[in-house]
Amino acid sequence: MKRNIWRRALAAVLLLPLLLCAGCGKKESVTIGSKQYTESILLGEMYAQLIEAKSDIPVVRKLNLGGTTVCMSALKGGEIDICPMYTGTLYNEVLDHALDGQTSTEEIRAICQKEMDERFGITVSEPQGQNNTYALAIKSARMDELQARSISDLEEIAPDLRFGADHIFYTRTYDGYDGLVAVYGLQFREALKMDSSLLYEAVDAGDLDVVVVFSTDSLLRKYELTCLTDDKVLFPPYEGVMVCRNAVLERYPVLKTLLNSLTGMLDDETVQELNYQVDVMQRSVEDVAKEFLMKNGFI
Amino acid sequence: MNWPALLTAVATHLKITLLGVAIGAVVGLPLAALLVRFRRFGRGVFSVVDAIQTIPTLAMMTIVMLAFGLNDTTVVVSIALYSLFPITRNTYVGLTGIDAGTIRAGRGIGMTPLQIFTGIRFPIALPMILTGIRLALVTALSITTTGVFIGAGGLGMLIWRGIQTRNMGMMLSGAIPASLLAVFCELFIGWMEKRLKHSQ
């Protein structure tokens, strides 16, 4: 009982500034957030430059925020207005639906758009084109030798192949290693667990034949790996989308069109290349974003 | 290397850290002194202070962010909250862990409770108090690097982006100043401790 009182006191102390600050958030600008990795920062920067070029709205950048939880709290609290996201993340982590492989890409997107709007007052854009999900990759140079274009092609040769993935992949219920065995019937000679940064080195050195990667990772380009088509659709869709608070869209209607201006402009290879320019070529995010927008006639 | 940007980052890093610990001390020291006087509140207050300490950094900043926004202030407030534990705990233990005979001797020569506090308790507790502040400071320096995840300034951005893009130079340009700051803070408090000892 005593503890309970203190907990309430703590909550009151923490909430007090919140009440004091409520209503002091009206500002004449739009704030763009992003998560803490290159791809998200790049997409955030692109939209920032787009809005700066196509409108008079002052843009504030809050890029590199610590993950979905921070971004969603910041969006709900009005600390940021626009943020790059992925449909799979919204569907699974934010809206709390299970990614069980039973729902199609289009259905997942539609559910995200509908429920994000209803529950949080947040608009989800049309997909930009890239799908940042799990993928199986092999050395591009060995494509002909292995005769593999899709994951199904591995079925017969799998007993001769060594497979590697990070620890998390083995713990996922539907879209992890168990799913790979169940859906594709793959039985590899060896299935190893290692940190994702080591996977690339290992497949490059020929110690592994097939590795699990993220489909837009810049290292796929650096180590010249090719992703196999997920022909039986095991991996859930993580389509890149932009989310925006409805309140901001009402205040700045021009954002409604700008939010969808990158629709269909990206694909996995393009994003790999953009990430590669930043991660491996060590170019600045601003330059790479600007170059992309200029090349595609946006600015 | 971009020296002006690096210096700004170091200055911001130090500012956030010192401000946070200072606020923590301004709240924590009197709190501990009051708890010595009103001991029955000790358990309650410390259970809150302990509970704050167990909140993971990013979760704490996400909560504080809702009130103070995505900026340095959120990190300062988080550090102040985290500093309460080492500062209040150490001060309290320092102030109460004094040999009862010494206090009685003070009372015996006619010292008032206030004189006992300023003349006996506080000077004897001082090394413990400084240790608490030192602990808070060094912890705070590392909390400040996490501030990058809620849009605050400091050295965190260099360290994190350096790790992300496998840019060793960038990572070290953040990590080395951060550890140097920790060493300097240690040395500074050590020096202060020594001076205070001499002046007594």
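No value in this document is a laboratory result; all are computed from the given coordinates. It should be emphasised that the depicted structure is a prediction, and the values quoted were computed from it without experimental measurement. Reconstructed Cβ throughout: ideal geometry from the backbone, glycine too, with neighbour counts over all protein chains shown.
Could you give each residue of the stretch A:134-146 its phi-based ³J(HN,Hα) in whole Hz, using Karplus coefficients 6.51, -1.76, 1.60 with θ = phi - 60°, and x for Gly or Pro?
Here the 3J(HN,Hα) series is 5, 8, 9, 10, 10, 4, 4, 5, 9, 4, 6, 4, 8 Hz.
Mind listing the long-range amide H neighbours of A:Gln36? Cut-off is under 5 Å, sequence gap 5 or more, other chains count too, H placed in the peptide plane at 1.01 Å from N.
A:Leu65, A:Gly67
Got a sec? How would B:His198, B:His13 order by Cβ neighbour count within 10 Å, fewest to most?
B:His198, B:His13
Against the longest principal axis of chain B, how steep is helix B:122-146, in degrees 0 to 90 to the nearest 10, with axes from Cα atoms?
20 degrees
From the phi angles alone, apply the Karplus equation (6.51, -1.76, 1.60; θ = phi - 60°) to the stretch A:286-291 and give each ³J(HN,Hα) in whole Hz, x where the residue is Gly or Pro.
Calculated HN-Hα couplings, in order: 4, 4, 5, 5, 5, 4 Hz.
Could you put A:Ile108, B:Ile63 in order, starting from the residue whose Cβ has the fewest other Cβ atoms within 10 Å?
Listed from fewest to most nearby Cβ atoms, that is B:Ile63, A:Ile108.
Mind jotting down the three principal axis lengths of the stretch A:134-227 based on Cα atoms? Whole angstrom, largest first.
Extents along the principal axes: 30, 26, 21 Å.
Using r as the Cβ-Cβ distance of A:Asp207 and A:Ala98, and R0 as 45 Å, what FRET efficiency do you calculate, to the nearest 0.05?
Approximately 0.80, to the nearest 0.05.
Quick one: Debye curve from the C-alpha atoms of chain B, no solvent, what's log10 I(q)/I(0) at q = 0.08, 0.09 Å⁻¹?
So the normalised log intensities work out to -0.33, -0.41.
How big is the charge dipole of chain B about its Cα centre, in debye rounded to the nearest 20, if each Lys and Arg gets +1 on its Cβ and each Asp and Glu gets -1 on its Cβ?
540 debye
Please report the antiparallel percentage of DSSP beta bridges with both residues in the protein assembly as shown, rounded to the nearest 5.
Bridges in the protein assembly as shown that DSSP calls antiparallel: roughly 55 percent.
At 0.36 nm per residue, minus the direct Cα-Cα distance, what do B:Ile109 and B:Ala59 gain on full extension? Give it in nm, one decimal, please.
Going from the current span to full extension adds 12.8 nm.
Rounding to the nearest 10 and keeping the result within 0 to 90°, find how far the Cα-based axis of helix B:168-199 lies from the longest principal axis of chain B.
In chain B, helix B:168-199 runs at an angle near 20 degrees to the longest axis.
Less than 19 Å from a label point 7 Å out along the Cα-to-Cβ axis of A:Thr257: which backbone N atoms in the stretch A:35-66 qualify, by residue?
Backbone N within reach: A:47-58.
Report the charge-dipole magnitude of the stretch A:134-227 in Debye, nearest 20, computed about the Cα centre from +1 at each Lys and Arg Cβ and -1 at each Asp and Glu Cβ.
180 debye
Taking amide H positions as placed in the peptide plane 1.01 Å from N, state which residues far from A:Ile80 in sequence (5 or more) or on other chains have amide H under 5 Å from it.
Correct list: A:Leu75.
Once phi is turned into θ = phi - 60°, what whole-Hz ³J(HN,Hα) does the Karplus curve with 6.51, -1.76 and 1.60 give for every residue of the stretch B:53-58, x standing for Gly and Pro?
Those phi angles translate into 4, 7, 6, x, 3, 5 Hz.
How much of the DSSP bridge set in chain A is antiparallel, in percent, rounded to the nearest 5?
55 percent
What FRET efficiency would be calculated for the residue pair B:Thr118, B:Ile176, taking the C-beta separation as r and a Förster radius of 56 Å, to the nearest 0.05?
According to the calculation, E is roughly 0.85.
Mind checking which aspartates and glutamates have their Cα closer than 17 Å to the Cα of B:Lys197? Skip sequence neighbours fewer than 8 apart in that chain.
Excluding near neighbours in sequence, the set is B:Glu186.
Provide the FRET efficiency to the nearest 0.05 for the B:Ala51-A:Glu28 pair, computing r from the beta carbons and using R0 = 41 Å.
Efficiency computed from Cβ-Cβ geometry: 0.55.
Which of the lysines could be linked to B:Lys194 by a straight reach, that is with a Cα gap under 26 Å, when you skip same-chain ones fewer than 8 residues away?
B:Lys15
Most fluctuating residue of A:Met72, A:Met116, A:Met143 in a GNM of chain A with Cα springs under 10 Å: which is it?
A:Met143
What does the charge add up to near A:Leu258, with Lys and Arg as +1, Asp and Glu as -1, over the other residues with Cβ less than 13 Å from its Cβ?
-2
How big is the charge dipole of the protein assembly as shown about its Cα centre, in debye rounded to the nearest 20, if each Lys and Arg gets +1 on its Cβ and each Asp and Glu gets -1 on its Cβ?
4200 debye
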